[in-house]
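Everything on this sheet refers to the single structure shown next.
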């Protein structure tokens, strides 16, 4: 008669070697062989172990809905083969394939089965899509150890928005190409969750190379609905110092919104560059600060010209 594998609670296990890449598990001083289980946030998880390392199936299930929220296999502590995850808070399905713990392919779907992300190491490509399924981002030659490497392409309204090329010389690491008409014609569709980096790069470029166009773009950005971009435009209008912005900045001095940006899919490796950040004060306060800065700059200019 085959003996059933030992099954104990996860919190009874010791992981004494914090720098152990594969997290060797010990139970009562010996490398553990058997099944570990744990419960948290209404979910139940089981992990198969052999000689201290994960070997076999690892899965999680929601105890109320009975839906599988995680399911995959390990070989000597490394992910091997298909691995499935379900992000409950975002209602997102993630299908992955690993070889020696190295991600080979990844597909991310929303609750309507719309493809949001596709990564393939074999094809050397990494793509993300808007919620309507149109292409939002593509990285060519994605690096395996650095998510910021490779040539990056952002899209809006089925047109190129911004391109960032690797350009390693002594003066500059990257070279940019901007579709200015797309930025200006679709400013109201820019969203900081998707477009934080392209907008930041575009503003930085305009402030150096085309201040009149920078003013035009920032004025449009000031009047759109994204709280973060409204706050950013107020700040940079203050940096530009054009007094024509003051009447429009005055319109938002009572705006109590605070700009905040967060990753679109935080639990997904690679993908579009993402950031988590927030402004330290309200958009109204940023507008007040910008007005004061503009007034000081123009007052100084008048004194100089006398």
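The values are calculated or read from the model by the stated rules, or taken from the named source; none is laboratory data. Given the structure is predicted, the values throughout are model-derived calculations rather than measurements. In this analysis, Cβ positions are derived from the backbone assuming ideal geometry, glycine residues included, and neighbour counts consider all displayed protein chains.
Of the numbered conditions (1) exposed (fewer than 15 other Cβ atoms within 10 Å of the Cβ); (2) part of a strand (DSSP E or B); (3) modelled with pLDDT under 95, residue 127 satisfies every one except a single condition; which is it?
(1)
Would a scan of segment 280-293 turn up a residue that is under 26 Å from residue 96 (Cβ atoms) and modelled with pLDDT under 95?
Here is the first cut: in segment 280-293, the residues under 26 Å from residue 96 (Cβ atoms) are none.
The answer is no, given that none of the residues of segment 280-293 is under 26 Å from residue 96 (Cβ atoms) and modelled with pLDDT under 95.
Residues that are modelled with pLDDT of 95 or more and within 23 Å of residue 115 (Cα to Cα): find the strands (runs of 3 or more DSSP E) completely inside segment 46-94 holding 3 or more of those. Reasoning before the result, please.
Working: elements: 53-62, 68-75, 78-87.
By residue number, 68-75, 78-87.
Please pick out the residue among 292, 223, 255 that is farther than 25 Å from residue 163 by Cα and buried (at least 17 other Cβ atoms within 10 Å of the Cβ).
255
Can you name the condition, by its number, that residue 264 falls short on among (1) assigned to a helix (DSSP H, G or I); (2) under 20 Å from residue 134 (Cα atoms)?
(1)
If I ask for residues that are surrounded by fewer than 14 Cβ atoms within 10 Å (Cβ to Cβ) and either closer than 23 Å to residue 24 by Cα or in contact (Cβ under 8 Å) with a residue 40 or more places away in the chain (or both), which ones from segment 77-98 would you list?
81, 82, listed by residue number.
Only one of these conditions is not met by residue 167: (1) out of contact with any helix residue (DSSP H, G or I) (no Cβ under 6 Å at 6 or more places or on another chain); (2) at pLDDT 95 or above; (3) assigned by TED's automatic domain parsing to the domain that holds residue 243. Which number is it?
Failing condition for residue 167: (2).
Just to be sure, is residue 39 loosely packed, with under 13 Cβ neighbours inside 10 Å and modelled with pLDDT under 90?
no
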